[in-house]
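Heads up, the thing below is written out as structure tokens.
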Amino acid sequence: MKGGERDLLIQILGFLCISHSVGYSHSPLSHQPAERSGEDVDIILTRLKGVKAFQRFHPSLLLQICSCAFYEYLEKVFRQGDIGTSWYAVLSGSLDVKVSETANHQDAVTICTLGIGTAFGESILDNTPRHATIVSRETSELLRIEQREFKSLWEKYRQCMAGLLAPPYGAMESGSNNDRESLRCKKLQRGGKVMRNAILSRAPHMIRDRKYHLKTYRQCCVGTELVDWLVQQSTCVHTRSHAVGMWQALLEEGVLNHVDQELGFQDKYLFYRFLDDEEEDTPLPSEEEKRESEEELPETILFLAQIGPDALLRMILRKPPGQRTGDDLEIIYDELLHIKALSHLSNTVSLIPPLQHWTHVKLSLLLPVFNQGEEGTSWYIIQKGSVNVVIYGKGVVCTLHEGDDFGKLALVTDSARAASIVLREDNCHFLRVDKEDFNRILRDVEANTVRLKEHEQAVLVLEKSPRASTLGNIKYTVMSGTPEKILDHFLETMRMDTHHADPDDFVLMHCVFMPNSQFCQLLMAQYPFSPSDSLLFHSQERLEYAVTSKRRVLNLALRWSAVHTHHLQEEQAALTFLEELYGSVSSDSRILRALKDFVPDLEKVVKLHIDVKSQKVLLREFSNGDERLAQKQPIRNCDEILLKVYCSDHTYTTIRVAVAATGREVTSAVADKLASNDDLLLVHLSSAGEKQMLKPNDVSVFSTLSINGRMFACPRDQLNALTPLPDQEGPSAGSMSSFELMSSKDLAYQMTLYDWELFSCVHEHELLYHTFGRQSFRRTTANLDLFLRRFNQVQLWVVTEVCLCGQLSKRVQLLKKFIKIAAHCREFKNLNSFFAIIMGMSNPAVSRLTQTWEKLPSKFKKFYAEFESMMDPSRNHRAYRLTVTKIEPPIIPFMPLLLKDMTFSHEGNKTFIDNMVNFEKMRMIANTIRAVRHCRSQPFNPEVCQPNKNHAEVRGYVRKLCVIDNQRTLTTLSYRLEPRRT
């Protein structure tokens, strides 16, 4: 700030306190607040608008600050323990925040630094002593508001000022975090202008003077009309609530305002005004400005679509609990499911009660959340940002990040806070549960819990469901129990006229804690006595009970066989059970007519499994060759495979082993074939020369090979001599000449057909084996491995073709081709290949080719940006999940994300609790598997696209993609195409 401007500002604000000041000797009382003119206020307003922290304030709040604030230019100390009389904001310079355990400044620890736009002194709100000592690091300019005026502003503009008044201190982290926040603010401010200009260009009638209750509101928009307009502009706006969140983001930044300064945007007949329309006679945008806005609009909508959901959540969490709607709670619930600190909590009863009691705290730069030694009053979870944990005398002891929590121990033990929490960056967001609600939640969960015991040991834990059953009776949900008691409970409570998920969860998940042999034995034991028993007819009640019990067992058995499908053929105990049950039902149905409906269904199941079991075992070649052109069939545990295993001299032997063969069985077969007495190691050798030793107990080792990986067997002394085969390097020339004339739609269609075949072969239990470890089950996951490998193959196909294309114009054509193929894959609901292509284009070897991307037409750049936004991992891949909810099956999902969800549930929760099965964990994982089931709930219709005459050629091409899977090689090729710019 220039000297003349500073002099004028000092005179206007009133220079009340000078300490070691330089060059200012004029009277500080020349312009007291009451004496300021309109010109004075305008000068102050311009100065404040230059400080980032004040840019978000509503103009009316800024005007009031200009009217009551004072100016201080000083080098001064504010001591811990003093009673404050004013609130301060930093206009320039910097100050240190020091905290002492004894209130003695000599042992104070510096916990943070305050920079421009930060504030302190909020203790004047409740007249408590200052929490810390503030020491000026350099001559600094402060804006000061006295206690009475500040309290008045706080009462009126509490929400708006919360960003500067988070309790109690935070640390300024210079550099990238503040730069990112500054860039975000600028993008929002520019985004508001773009949206306003676009509306004036496309729908100028939306911004006009409005009359309501005899009052005229200048240049306003209606909330519902804004939502309608935004939903129509882009497919990346998924729902009306999504659009509400996007407008809320602009409202929070102050570029859009409610006419009565309400802080939440609503999809209602309410009036909102853009910041540019706040002033009278604001000129309309010029034709040049309209053209620029039209060009920027897709990128602006994409940016708002990414940050809108967070803004919507903040808005919901600011509402008082009693005002939150059912939709609001669903949005909060969806957020909480994916927060690390809550991963161990129940996703039904024990999580739902706190939903209506969550509040939201938006913390800006500075002021810690609480101090060491204070009483614990809340539990916090970091939703965004990071904090330092500070202990007196030790300084910063650790850092907590998004998903971490703090403050719970003090609530549980009713003890003082063990440390201070200090913000590391600007704009942190927290979720908070206050002590009263925290204790109530614990009481509610305990009060709704029923524990059944045998011999003083709990064998079944139930929780009262928040919803009554269809008959109005209380419904209980199984939380944990012994396998036997869980099965008993489901059979006792099963209703034949309705379909409940819990028994389905049991038959799907029981392999984790109960083998089929035990399940069959227990289920058969639940099938009551024969109706030929004469005692049966002595009591009608006894007869009805027996029939009901039999029907429940039969119902569960049919569900079980439908879930396991061909896996049952591999277990003799399961087939024996089905045959025995079928025999019993056939006999009983002659007397008990209520069982006759089950006989045909059970007969079909038994005959199917016996017929399939008698089929000859297939020989399979897994990785290469013409077998890819054949219609895919599920790979079964009992199938056998022809497997090439290489030696260090690059010779190979072909062995025939079971699909589920272990590493030990493979090495034994190789040693027999080679007549070798050496102790052989089994090694997976990648094209980059990386060696992975396979363990003797590893199951189905062949399916773990990477795309160009090969299996080697050698003595230990030859391990270092292993080198990749020449054909592992992949192609040396691209195949663009083969597929550039193929229709992008035909390519996407044939890719979808092939992906659907692979996806259809994946058994639901393979997802469990992958999550819990197939060694525990001695089962193959070959079908799932093939499907996952296809994802990697398509991704690398994109990178390989681009890096092998030496001509710049051809590379641009390739990018356009891949974007078109990705668009058609999305059209065919093949999200697996869609994501693979987009991730291939974002591979560093491709994304660094700036000359190529610069030549790409802007239309394709916009398409790519929209596609890439669907890959946004923030908020647990919210963009992808919202997209999937809008698509009807059949769908080929993004399988890596589903596996991540299952792994998250598995690793975040114990399988057994107090020697009982944690059935809540089983339910969480089963929900993810049901999502896979939903994707396949409708058959894929091959007639969705009529193939061209060269469909056989296209089909052959997409099933035999040749790729380079060595990232180092791809990067080298990329730098040859476009060397690093100096």
As straight-line cross-link partners of Lys98, the qualifying lysines (C-alpha separation under 21 Å, not fewer than 8 residues apart within one chain) are Lys76, Lys394
Rounded to the nearest 0.05, FRET efficiency between Lys859 and Gln813 (Cβ-Cβ, R0 22 Å) equals 0.95
Ranked output for segments 481-490, 212-221, 402-411 by mean other Cβ atoms within 10 Å, highest leading, reads 481-490, 402-411, 212-221
Looking only at aspartates and glutamates whose Cα falls under 16 Å of Lys900's and that sit 8 or more positions away or on another chain, we get Glu764, Glu766, Asp785, Asp872
In debye to the nearest 20, the charge dipole size for the stretch 767-897, taken about the Cα centre with +1 at each Lys and Arg Cβ and -1 at each Asp and Glu Cβ, equals 40 debye
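For the stretch 182-318, what does the relative contact order come out to in percent, with C-alpha contacts under 8 Å and a separation of six or more? It would help to have the intermediate numbers written out before the result.
On the way: 177 pairs, mean separation 43.6, N = 137.
Relative contact order of the stretch 182-318: 32 percent.
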For the stretch 182-318, the charge dipole (Cβ of Lys, Arg +1; Cβ of Asp, Glu -1; about the Cα centre) points to a positive end, and the Cα of Val231, Ile199, Leu313 closest to that extreme belongs to Leu313
Note, the stretch 797-805: 3J(HN,Hα) by Karplus (6.51, -1.76, 1.60, θ = phi - 60°), whole Hz, Gly/Pro = x, goes 4, 4, 5, 4, 5, 5, 6, 9, 9
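Which shape class, rounded, prolate or oblate, goes with the stretch 221-345 when its Cα gyration tensor gives a ≥ b ≥ c as root eigenvalues, a/c under 1.5 marks rounded, and past that a/b bigger than b/c marks prolate? Let's see the in-between values first.
Values: a/c = 2.46, a/b = 1.66, b/c = 1.48.
Prolate shape, in that a/c is at least 1.5 and a/b is the bigger ratio.
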Once both label points are put 7 Å beyond Cα along the C-beta direction, the Glu146-Tyr217 separation in nm becomes 3.7 nm
Hits in the stretch 722-741: amide N under 17 Å from the 7 Å Cα→Cβ extension of Thr653, namely none
For the stretch 704-789 the GluC sites (Glu not before Pro) that pass both the DSSP coil test and the at-most-14 other-Cβ-within-10 Å test are Glu740
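On a full-extension model of 0.36 nm per residue, what is the gain between His566 and Asn720, subtracting their alpha-carbon distance, rounded to one decimal in nm? Walk me through the intermediate numbers first.
Working: separation 154, 0.36 × 154 = 55.44 nm, distance 4.26 nm.
Additional length available on full extension: 51.2 nm.
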Descending packing, highest mean Cβ count within 10 Å first, for 115-126, 248-259 is 248-259, 115-126
Surpassing 32 Å at the alpha-carbon level, of the pairs Lys193/Lys859; Lys859/Lys886; Lys408/Lys464; Lys290/Lys810, are Lys290/Lys810
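If a/c stays under 1.5 just call it rounded; otherwise compare a/b with b/c (prolate if a/b is bigger, oblate if not). Do that for the stretch 261-325, with a ≥ b ≥ c from the square roots of the Cα gyration tensor eigenvalues.
On the way: a/c = 3.67, a/b = 1.64, b/c = 2.24.
Oblate shape, in that a/c is at least 1.5 and b/c is the bigger or equal ratio.
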By the Cα gyration tensor axes a ≥ b ≥ c (a/c under 1.5 gives rounded; else a/b larger than b/c gives prolate, otherwise oblate), the shape of the stretch 693-803 is oblate
Hits in the stretch 805-840: amide N under 18 Å from the 7 Å Cα→Cβ extension of Gln967, namely 836-840
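For Thr377 and Lys607, calculate 0.36 nm times their separation in residues minus their Cα-Cα distance, and state this gained length in nm to one decimal.
On the way: separation 230, 0.36 × 230 = 82.80 nm, distance 6.48 nm.
76.3 nm is the gain from fully extending Thr377 to Lys607.
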Pairs over 19 Å Cα to Cα, from Lys695/Lys921; Lys453/Lys485; Lys745/Lys816, come to Lys695/Lys921
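Mind checking the dipole of the stretch 182-318: about its Cα centre, +1 per Lys or Arg Cβ, -1 per Asp or Glu Cβ, Debye to the nearest 20?
With Lys and Arg at +1 and Asp and Glu at -1, about 460 debye.
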Using alpha carbon centers only, the stretch 228-290 is separated from the stretch 803-849 by a whole-angstrom value of 35 Å
Residue-ordered couplings for the stretch 652-665, obtained by feeding phi - 60° into the Karplus form 6.51 cos²θ - 1.76 cosθ + 1.60 and rounding to whole Hz (Gly and Pro as x), are 9, 10, 9, 10, 10, 9, 5, 4, 8, 4, 8, x, 5, 5
The aspartates and glutamates whose Cα lies under 20 Å from the Cα of Lys817, excluding any fewer than 8 residues away in the same chain, are Glu740, Asp746, Asp755, Glu801, Glu827, Glu854, Glu866, Glu868, Glu953
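Estimate the FRET efficiency between Glu280 and Lys435 by the formula 1/(1 + (r/R0)^6), using the beta-carbon distance for r and 51 Å for R0, to the nearest 0.05. List each step's numbers first, then the result.
Numbers: r = 50 Å, r/R0 = 0.98.
It comes out at approximately 0.55.
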Between the alpha carbon centres of the stretch 732-792 and the stretch 890-925 the gap in Å comes to 22 Å
Amide H proximity to Leu423 below 5 Å, modelled H, separation 5+ or other chain, gives Gly170, Ala171, Val369, Asn388
Applied in sequence order to the stretch 287-304, the curve 6.51 cos²θ - 1.76 cosθ + 1.60 (Karplus, θ = phi - 60°) yields integer Hz couplings, x standing for Gly and Pro, of 4, 5, 5, 5, 5, 4, 5, 4, 5, 7, 4, x, 5, 5, 4, 4, 5, 5
Descending packing, highest mean Cβ count within 10 Å first, for 857-869, 225-237 is 225-237, 857-869
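Every number here is computed from the coordinates shown, using simple stated rules; none is lab data. Please read these numbers as outputs of a predicted model, since none were measured by experiment. Glycine also receives a Cβ, built like all others from the backbone with ideal geometry; neighbour counts cover every protein chain displayed.
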